[in-house]
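Below: the structure, in structure tokens.
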Amino acid sequence: MKTSYFSKSSNHPNAVSIASKCPHWYNGKEYKNLAPKYWFLKKYKEDGDQRYYTKQYKKILSKLNAQEVYNELGEDAVLLCWESPKEFCHRKLVAKWFEEEIGIKVNEL
């Protein structure tokens, strides 16, 4: 499993969006269980509070079973969201979650 972003890897055969909303041109798979909720994403875009965003996003992850999610996505999945690798984003939180919960290291493509 890897992570990436739409403008780089949207055509990857194993691409899976974990974004709340995909670009209009993206035709790949989606996995909404890992998508951030609009209300706290909007708040983050307004005030840039990464700690608040992380706290809210971890509530989503806490309701999921990491091993089940990993199995559903598959070991070859490339998890996509919007931000470039240098920006704060939830796909990095997902990668850290997989590592902490099931010992799977998920690197950026």
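Read-outs throughout are calculated quantities, based only on the coordinates presented, and are distinct from any laboratory measurement. Keep in mind that this is a model prediction, so the values were computed, not measured. Here the Cβ positions follow ideal geometry from the backbone for every residue, glycine too, while neighbour counts run over all protein chains shown.
Quick look at the values:
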item	result
Positions within the stretch 42-72 being among the polar types (S, T, N, Q) and either touching a helix residue (DSSP H, G or I) at 6+ places or on another chain (Cβ under 6 Å) or outside any helix (DSSP H, G or I) (or both), in sequence order	Q56, N65, Q67
Only one of E68, E30 that is within 11 Å of the chain's Cα centre (by Cα) and surrounded by fewer than 18 Cβ atoms within 10 Å (Cβ to Cβ)	E30
In the stretch 1-24, residue farthest from N71 (Cα to Cα) [restricted to those that are outside any loop (DSSP other than H, G, I, E, B) and within 10 Å of the chain's Cα centre (by Cα)]	Y5
Residue count for the stretch 58-95, restricted to those that are of a type in the set (K, R) and over 20 Å from K32 (Cβ atoms)	1
Per-region count, the stretch 25-41, residues under 15 Å from C81 (Cα atoms), out of contact with any Ser or Thr (no Cβ under 7 Å at 6 or more places or on another chain) and in a helix (DSSP H, G or I)	3
Of residues in the stretch 76-96 being under 8 Å from the mean Cα position of the chain (by Cα) and part of a strand (DSSP E or B), the one nearest to M1 (Cα to Cα)	L79
